[in-house]
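The values are calculated or read from the model by the stated rules, or taken from the named source; none is laboratory data. Bear in mind that the values here come from a model prediction, so they are computed numbers and not experimental data. Positions of Cβ are backbone-derived with ideal geometry, glycine not excepted, and every protein chain shown enters the neighbour counts.
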Amino acid sequence: MAGRINDDDVKAVRDAVPIDSVVSEYLQLRSAGGGNLKGLCPFHDEKSPSFQVSPSKGLFHCFGCQEGGDSISFLMKLEHLTFAESVERLAAQAGITLRYEQGGYNSNRQQGERTRLIEAHKVAAAFFTEQLASPEAEIGRRFLSERGFDEQAATHFGVGYAPAGWDQLVRYLRGKGFTDRELITSGIAQDGRRGPIDRFRGRLIWPIRDITGEVVGFGARKLREDDNGPKYLNTPETPLYRKSQVLYGIDLAKRDIAKDNRAVVVEGYTDVMACHLAGITTAIATCGTAFGAEHIKILRRVLMDDSGSHRAGEVVFTFDGDAAGQKAALRAFEDDQRFAARTSIAISPGGMDPCDLRLAHGDQAVAEMVENRTPLFEFAVQSIIARHNLDTAEGRSAALEQATPVVAQMKDSSLQHEYAVRLAGLVGIPDERFVVQRVAQLARWERERKQRGESPRGRRSVPAPAAPAVPERRGPALDPDNPAHQVERELLKLALQFPHLVAPAFDAYEESEFTAPPYTLVRRLIAAAGGVTDADENLVTRVLDAAPDDTVRVLIRELTVEAPLTSRAPDERYAGEHLVRVRLAAVEQRMRDLEIVARRIEAQSANSQAAQERQQLWTLQQYRTALQARGPAALYG
């Protein structure tokens with residue numbers, strides 16, 4: 001059993017690896033104002049970014065699903081790691097040697113299972129790469145050369161070779177300290193009659209990396225005729241490798257995908273290599289499975305596929321021009337609605353894949369294939385029409401009936417009219433107005449169907465499983481349209497994010513000056529954490545530690561991560577405005593209360609008692625006037 005990691009080392013790891021550098025390995029981040037960053041949440045599917053990161057506080061929070069925490073908890077939740085495994089991964093990045101409570105420093109035996117499996121894949125990948133230079137691997141080098149890949153290309157993509165022996169890699173990894181159970185669990189080895197044997201033998205090997213660049217599996221290509229296995233053999237499903245959640249090349253392509261706002265989806269490892277070497281460095285591929293919903297989630301986060309963004313992204317699919325390729329393209333079209341980005345298809349002349357195209361016609365031909373792409377909607381419509389005999393009235397009618405719903409599904413309603421007119425021309429229907437009206441009618445029915453929760457055929461759909469409940473706050477719900485609540489929230493955000501701007505005045509504010517009960521509680525917790533006057537970098541941590549439950553901690557993280565409502569960086573003037581507005585609201589409420597009490601007393605003819613209330617009321621009136629005239633200066637006497 002691994003010992004408990006030393007607390008000082010955990011803190012050192014948190015401090016050494018900025019949270020934005022951890023998060024940006026998985027999704028694209030853009031400025032959210034106030035020094036914060038935003039992106040599409042990796043924990044739930046969303047169209048617009050509600051996930052925010054505060055680099056200065058080391059925290060993240062999603063305003064959609066309420067997930068939040070620090071860099072360690074981010075890895076735990078996203079990668080399903082233990083606390084120790086998350087710390088160990090970050091420590092490895094930072095070059096920090098961890099100490100454990102039983103004494104001594106971390107060793108391989110003290111690492112968590114996932115960390116061990118990652119390390120086994122890393123060592124195996126290096127083994128395969130080294131073997132590519134062996135005499136036995138000449139057949140693999142020849143395969144690469146015949147497809148236009150030299151030694152430098154093989155090195156860039158980490159291509160290697162698995163020796164033909166039964167257990168050469170198993171014996172090598174045993175010598176590095178890995179157990180048979182770890183080798184079987186990793187998928188690197190499989191059970192044989194006399195113990196574990198190599199899963200990949202006599203094949204060319206591509207390391208499959210996750211979005212952070214860690215090797216999580218391998219793809220192996222058959223080289224010899226006497227190999228009775230499949231043409232391509234991939235790692236089986238393991239704790240590290242799930243083919244529905246892996247995109248080959250994403251680690252190399254993610255930066256350029258984010259920069260160019262475009263991804264190119266190809267079908268195989270050599271196609272990814274060919275595209276990258278031809279300058280299409282945004283190319284990625286699935287690993288032995290169709291492009292599906294989980295792949296889309298990964299790609300949308302890298303693209304920041306935001307439905308509200310003015311910078312439209314694009315996903316380009318490349319498929320062979322044969323029947324299988326067209327079928328794959330139409331499957332991709334079915335997922336088009338999941339993207340906010342534009343989707344297109346690129347098919348090379350002659351139906352060659354990018355690797356063959358590059359080999360036959362050079363890098364420029366690959367670039368031109370991508371540039372000459374066709375919108376996926378148009379390709380789908382033309383594919384449907386091509387199935388029918390347009391020389392007959394029956395054929396034209398059937399083509400129109402099948403193609404019209406496709407046009408009606410277009411995300412961009414402004415293009416629907418244009419495509420409806422084009423559809424009429426493609427099918428040969430002279431009455432364009434009829435086709436335009438039909439498309440509009442189907443689009444309206446589709447919107448109404450979604451609002452009613454019906455299935456595409458008009459039947460009520462089976463209720464979907466309930467989404468994870470968003471934690472409910474105790475007490476009256478916060479009203480986002482309540483100006484008082486808005487101002488109180490802004491002041492608490494300043495106190496947690498920029499305590500020096502509101503010190504020392506904030507520490508003199510009573511809990512009662514915050515009218516929303518959740519904000520009253522946060523004010524109390526800030527006081528319990530020592531207030532803002534002498535606040536240090538651990539203020540938020542102390543406030544979180546003092547919170548009574550997760551519901552309150554969610555609110556505190558929101559206030560810590562949410563950007564202030566100002567186009568400029570918060571300064572003393574901005575902070576002073578909110579200090580005054582909260583105090584003014586409290587003074588005016590107290591004045592209203594005193595007025596009611598005084599009138600009630602006067603109604604009972606107790607004028608002497610009422611005089612005391614009137615005196616307090618007069619004093620508050622003077623204070624209000626001073627606040628209105630002098631602003632923040634009045635807070636200090």
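So, in segment 593-606, of the ones that are assigned to a helix (DSSP H, G or I), surrounded by fewer than 17 Cβ atoms within 10 Å (Cβ to Cβ) and over 56 Å from the mean Cα position of the chain (by Cα), which residue ends up modelled with the lowest pLDDT?
Checking each candidate, the answer is Arg600.
Yes/no matrix, rows are residues, columns are (1) modelled with pLDDT of 90 or more; (2) in contact with a helix residue (DSSP H, G or I) (Cβ under 6 Å, 6 or more places away or on another chain):
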{"position": "Val462", "(1), (2)": "no, no"}
{"position": "Arg474", "(1), (2)": "no, no"}
{"position": "His500", "(1), (2)": "yes, no"}
{"position": "Val522", "(1), (2)": "yes, yes"}
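Please specify each residue of segment 170-194 satisfying the condition of being surrounded by fewer than 18 Cβ atoms within 10 Å (Cβ to Cβ), outside any helix (DSSP H, G or I) and in contact (Cβ under 8 Å) with a residue 24 or more places away in the chain.
Lys176, Gly177, Gly192
Being in contact with a Phe, Trp or Tyr (Cβ under 9 Å, 6 or more places away or on another chain), farther than 20 Å from Arg542 by Cα, assigned to a helix (DSSP H, G or I) and among the basic types (Lys, Arg), is that true of even one residue in segment 71-91?
Yes, segment 71-91 has at least one match.
What number goes with the only condition from (1) in contact with a strand residue (DSSP E or B) (Cβ under 9 Å, 6 or more places away or on another chain); (2) acidic (Asp, Glu); (3) crowded, with 16+ Cβ neighbours inside 10 Å that Asp363 does not pass?
For Asp363, the exception is condition (1).
So if I check each of Glu237, Glu267, Glu225, Glu294, which one is acidic (Asp, Glu), closer than 30 Å to Gln364 by Cβ and either touching a strand residue (DSSP E or B) at 6+ places or on another chain (Cβ under 8 Å) or not assigned by TED's automatic domain parsing to the domain that holds Leu37 (or both)?
Glu267
Exactly one condition in (1) more than 35 Å from the chain's Cα centre (by Cα); (2) farther than 30 Å from Arg194 by Cβ; (3) among the hydroxyl-bearing types (Ser, Thr, Tyr) is false for Ser134; which is it?
(2)
Quick check on Ser31: is it in a strand (DSSP E or B), of a type in the set (S, T, N, Q) and over 14 Å from the mean Cα position of the chain (by Cα)?
In short, yes.
Pick out the one residue from Gly202, Gly175 that is at positive phi, more than 36 Å from the chain's Cα centre (by Cα) and not assigned by TED's automatic domain parsing to the domain that holds Gly288.
Exactly one of Gly202, Gly175 is at positive phi, more than 36 Å from the chain's Cα centre (by Cα) and not assigned by TED's automatic domain parsing to the domain that holds Gly288, namely Gly202.
Would it be correct to say that Pro163 is of a type outside the set (D, E, K, R), more than 36 Å from the chain's Cα centre (by Cα) and closer than 17 Å to Thr235 by Cα?
Here the answer is yes, as Pro163 does meet what is asked.
If a residue must be assigned to a loop (DSSP other than H, G, I, E, B) and under 15 Å from Gly69 (Cα atoms), how many such residues does segment 544-592 contain?
Final tally of qualifying residues: 3.
Before we move on, is Ala420 farther than 21 Å from Ser344 by Cα and surrounded by 12 or more Cβ atoms within 10 Å (Cβ to Cβ)?
no
Return yes or no: is Leu442 in a helix (DSSP H, G or I) and touching a residue at least 40 places away in the same chain (Cβ under 8 Å)?
Answer is no for this residue.
When the residues of segment 607-630 are narrowed to those that are touching a residue at least 12 places away in the same chain (Cβ under 8 Å) and under 13 Å from Arg583 (Cβ atoms), which ends up surrounded by the most Cβ atoms within 10 Å (Cβ to Cβ)?
It comes out as Leu627.
Does Ala380 satisfy being farther than 30 Å from Ser48 by Cβ and touching a residue at least 24 places away in the same chain (Cβ under 8 Å)?
Criteria not met by Ala380.
What are the residues in segment 16-48 that are without any contact (Cβ under 8 Å) to a residue 24 or more places away in the chain and over 18 Å from Leu75 (Cβ atoms), if any?
Matches in segment 16-48: Ser31, Lys38, Glu46.
Restricting to segment 206-257, give me the number of residues that are in contact with a Gly (Cβ under 7 Å, 6 or more places away or on another chain), among the acidic types (Asp, Glu) and either closer than 19 Å to Gly140 by Cβ or without any contact (Cβ under 8 Å) to a residue 40 or more places away in the chain (or both).
Looking only at that region, the number is 1.
Name the pairs: first residue in segment 579-598 and outside the structural domain of Tyr623 (by TED's automatic domain parsing) and farther than 11 Å from Ser512 by Cα, second residue aromatic (Phe, Trp, Tyr) and in a helix (DSSP H, G or I), Cβ to Cβ under 8 Å, at least 6 apart or on different chains?
Filtered contacts from segment 579-598: no entries.
Being aliphatic (A, V, I, L, M) and surrounded by 14 or more Cβ atoms within 10 Å (Cβ to Cβ): is that true of Ala586 here?
Yes; evaluated as a whole, the condition is true for this residue.
Find the residue count for segment 183-203, including only residues that are modelled with pLDDT of 95 or more and among the charged types (D, E, K, R).
Of the residues in segment 183-203, 4 are modelled with pLDDT of 95 or more and among the charged types (D, E, K, R).
Return the residue satisfying two criteria in turn: it lies in segment 128-164 and is of a type in the set (S, T, N, Q) and part of a helix (DSSP H, G or I), and of such residues it is surrounded by the most Cβ atoms within 10 Å (Cβ to Cβ).
Once the filter is applied, the top-ranked residue is Gln131.
In the set Ser107, Ser48, Ser21, which member is closer than 30 Å to Pro570 by Cβ, surrounded by fewer than 16 Cβ atoms within 10 Å (Cβ to Cβ), modelled with pLDDT under 90 and out of contact with any strand residue (DSSP E or B) (no Cβ under 8 Å at 6 or more places or on another chain)?
Ser48
For every residue, the table says whether it meets (1) surrounded by 20 or more Cβ atoms within 10 Å (Cβ to Cβ); (2) over 27 Å from Lys38 (Cα atoms); (3) acidic (Asp, Glu); (4) outside the structural domain of Ala586 (by TED's automatic domain parsing).
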position	(1), (2), (3), (4)
Glu490	yes, no, yes, no
Glu511	no, yes, yes, no
Val522	yes, no, no, no
Ile526	yes, no, no, no
Asp534	no, yes, yes, no
Asp545	no, no, yes, no
Asp550	no, no, yes, no
Val561	yes, no, no, no
Pro564	yes, no, no, no
